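What follows is a single structure, written as structure tokens, with notes after it.
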Amino acid sequence: MSDHFKNLVFFCLLLFLSGCSLLGSEVNKQIQKLEENKKIWSQKSSVNYTYKLDKSCFCPSGLFPATIVVRADTIHAVMDPETNDTLRAEENNEPVLDLYPGLYKTIPELFGIIRNTLDDDFYKIDVKYNKTLGFPAYINIAPRDKRVADGGVLYEVNSLSLSN
């Protein structure tokens with residue numbers, strides 16, 4: 001093997017490893033930020049709250065935006081934010097919470113989605129947290145491979161209010 005080829009292989013290996021460490025350090029920063037904001041949320045929040053969730057994905061239509069009502073850290077109701085009536089599926093008028101119970105998330109579940117995404121190299125994630133309460137206000141999850149057209153999801157949390 002020529003010295004030139006050995007140097008090229010060594011350089012490629014170094015480049016690959018440095019890229020992995022850069023990705024790893026970015027993930028570590030995001031994990032640290034996640035843990036800091038989870039702590040803020042647990043110190044300042046309640047197990048009872050209401051918020052508006054907007055989710056962009058390849059989901060059935062008419063399901064978002066939605067007002068999520070959480071009681072005792074469990075989703076109690078999913079409401080239409082314009083009418084404050086129970087949000088119903090367009091196709092059969094059934095309550096969306098009954099039809100799609102896993103589609104709507106509590107704040108701790110959104111933290112879990114962030115953590116799971118950070119543990120998966122397939123996806124990249126951009127998160128913005130509420131400065132006062134620590135909840136994730138914006139979560140954009142996208143495949144690292146730009147050729148994957150329908151693998152992403154965007155969550156936006158607005159108008160969160162705590163209750164007793």
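No lab work stands behind these numbers, since they all come straight from the coordinates. Predicted model, so just to flag it, every value in this text is computed and none were measured. When we count neighbours, we look across all protein chains shown, and the Cβ atoms used for this are built from the backbone with ideal geometry, even at glycine.
A Cα-only calculation for the stretch 74-118 places Rg and Dmax at 12.6, 37 Å. Between I31 and F122, the simple spin-label model (points 7 angstrom out along Cα→Cβ) gives 2.0 nm. Restricting to DSSP loop positions (anything but H, G, I, E, B) with no more than 13 other Cβ atoms inside 10 Å of their own Cβ, which GluC sites (Glu not before Pro) remain in the stretch 90-143? Here the GluC sites (Glu not before Pro) that fit, given the DSSP loop and packing criteria, are E90, E91. Counting every other Cβ atom within 10 Å of each residue's Cβ, I107, I40 order from fewest to most as I40, I107.
Measuring max minus min along each principal axis, the C-alpha atoms of the stretch 47-105 give extents of 32, 22, 20 Å (largest first).
Listed by chain and number, the aspartates and glutamates whose alpha-carbon sits under 17 Å from that of K29, ignoring those within fewer than 8 places in the same chain, are D119, D120, D121, D126.
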